[in-house]
Amino acid sequence: MLKLFPRICAVVLIVIGITGLCRAQTAYVSDMLILTFRKGPGPNYPLISALKSDTPLTIIEESNGYLKVALSSGEQGWVDKNYVVTDLPKPMIIDQLKKENAALEEKIRALTEQADHAVMEQLKKENQVLIQNLETLKSQYTALKAASATDTLEENKRLKTQNTSLPDTLAQQKGNYEFMFKTGMIKWFLAGVGVLLLGWVIGLSVSSRQGGSSSLLD
């Protein structure tokens, strides 16, 4: 039984140590320039080193107004409880706020870039649509211009043909007019001759009748 006692004590100490570590609390050296870090809970214990302000500490236990703490390096010692705070130090708060602000600025920048990218993509699409519409208008204008040129050429050809045939038409019309004029003159001449002949015949007839009447009277 006596042989097992040291082992039991060791197990108990290990359990107590594990429990203490589970309950360990993070603290920081307060706004002092230097805080003594000693081997025991009191000013009479040997000095290990001096800790600067805002040094992070892991609290292990408390005794006589002193805290047994562990540094980030794993080294353990005792410090005065009055100069240890559990609140985050102001410089660390400021650093944390700076980091959060930088993260927010990065998010804003990323969102701005995404928004700018979306706007640029929309503008590119609209520009592409405008280019397509412009090409369509150019094609329509070219087609209309070609059709207009074709119509103009056809009209010019027609007018040229008319101009070419116009002298012949005028000559033909002039010939027809002269023929009609000559024909009319002949008709009028013949009509006049006919009238004269008719008058002459009538005159002869009247003279013959008058001569016959005179013979009967004699």
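The values are calculated or read from the model by the stated rules, or taken from the named source; none is laboratory data. None of the values given here were measured: they were computed from a predicted structure. In this analysis, Cβ positions are derived from the backbone assuming ideal geometry, glycine residues included, and neighbour counts consider all displayed protein chains.
A few comments on the model shown:
- Note on the range 47-96: residues that are of a type in the set (D, E, K, R) and more than 57 Å from the chain's Cα centre (by Cα) amount to 7.
- Out of Lys81, Lys125, Lys107, one residue alone is in the same structural domain as Gly40 (by TED's automatic domain parsing), surrounded by 10 or more Cβ atoms within 10 Å (Cβ to Cβ) and modelled with pLDDT of 85 or more. It is Lys81.
- You will find that of Lys160, Lys98, Lys187, the residue that is under 30 Å from Asp54 (Cα atoms) and not assigned by TED's automatic domain parsing to the domain that holds Asp54 is Lys98 and no other.
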